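First up is the structure itself, then whatever we jot down about it.
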Amino acid sequence: MPKKRKSGGRSGGKRGRASTKTCAGCGAKIPTDKAKKYTVYSSAVDFRLGRELRQEGTYIPRQQKIVYYCVSCAVHKGRTNIRAKKERRG
Ligand SMILES: [Zn+2]
């Protein structure tokens, strides 16, 4: 059967089994090289209030959080799009 993608939807090369990460959307265990990694910044202050405070010159620290999504959750959330066969990269 022909392969849809050369990499099989994975990154990481000729490795065996990869360690797993938990999907932030559905909680599924997914291989690290197949997971979609995103950096999310969150602030403890409400964004409307934060905007006003920033105009006043206040420094508001933001927290960096790394989240992993499985492919189906990433597509559902609009983080990645399904590409046509021509547009696929390998
Ligand atoms: Zn998921």
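The values are calculated or read from the model by the stated rules, or taken from the named source; none is laboratory data. These numbers come from a predicted model, not from an experiment. Virtual Cβ from ideal backbone geometry, glycine too; neighbours counted across all protein chains shown. These area figures cover heavy atoms from the full protein model, side chains too; ligands, DNA and RNA do not enter into them. Shrake-Rupley method; radii C 1.70, N 1.55, O 1.52, S 1.80 Å.
On the given criteria, is SER7 in a helix (DSSP H, G or I) and small (Gly, Ala, Ser)?
Values: in a helix (DSSP H, G or I): no; small (Gly, Ala, Ser): yes.
It is false that SER7 is in a helix (DSSP H, G or I) and small (Gly, Ala, Ser).
One line per residue, one yes/no per condition, for (1) surrounded by 13 or more Cβ atoms within 10 Å (Cβ to Cβ); (2) assigned to a strand (DSSP E or B):
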residue: ARG51; (1), (2): no, no
residue: THR58; (1), (2): no, no
residue: GLN64; (1), (2): no, yes
residue: TYR68; (1), (2): yes, yes
residue: CYS73; (1), (2): yes, no
residue: ALA84; (1), (2): no, no
residue: ARG89; (1), (2): no, no
message = Taking the criterion of being acidic (Asp, Glu), surrounded by 10 or more Cβ atoms within 10 Å (Cβ to Cβ) and free of Cβ contacts under 8 Å to residues at least 24 places away in the same chain, would at least one residue in the range 25-43 satisfy it?
response = yes
task = Kindly provide the set of residues from the range 13-24 that are more than 16 Å from the chain's Cα centre (by Cα) and either open to solvent by 70 Å² or more (accessible area, probe 1.4 Å) or within 24 Å of LYS77 (Cβ to Cβ) (or both), ordered by number.
result = LYS14, ARG15, ARG17, ALA18, SER19
